[in-house]
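Working notes for the structure below.
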Amino acid sequence: MKQIFESDNISFAEVSERLVNDYLIMVNDDEHVGTYIHGRIGGASQPYTVEQEYEWIRKTLESEALVFSMLEKKS
């Protein structure tokens, strides 16, 4: 996982397949996150699958989009 930059408490890293399970927990959290993701408003669609998340990671890395993961150093 390629680190982009860091602060005292957070490391900012390139999107990574190693974090797929963490991403799924986040995007499938309807109460805190899911309502803000296109297509999931009000929990109307099904939770994202592992395959869908891997596809998103692949497309994100291929497009060289400015997207990164924020990792709390304490955890």
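Here, each number is a calculation from the coordinates, and none is a lab measurement. All values reported here derive from a predicted model rather than from experimental measurement. All Cβ positions, even for glycine, are placed from backbone atoms using ideal geometry, and neighbour counts span all protein chains on display.
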**OP:** Just grab the label-to-label distance for V67 and E51, each label 7 Å out from Cα along the Cβ direction, in nm (one decimal).
**Re:** 1.9 nm
Subject >> Counted charge near E64, where neighbours are those whose Cβ lies closer than 15 Å (Asp, Glu -1; Lys, Arg +1) >> reply: +1
Original post:
Taking K74 as the anchor, which aspartates and glutamates have their alpha carbon closer than 20 Å to its alpha carbon, excluding any fewer than eight residues away along the same chain?
Top reply: E6, D8, E14, D22
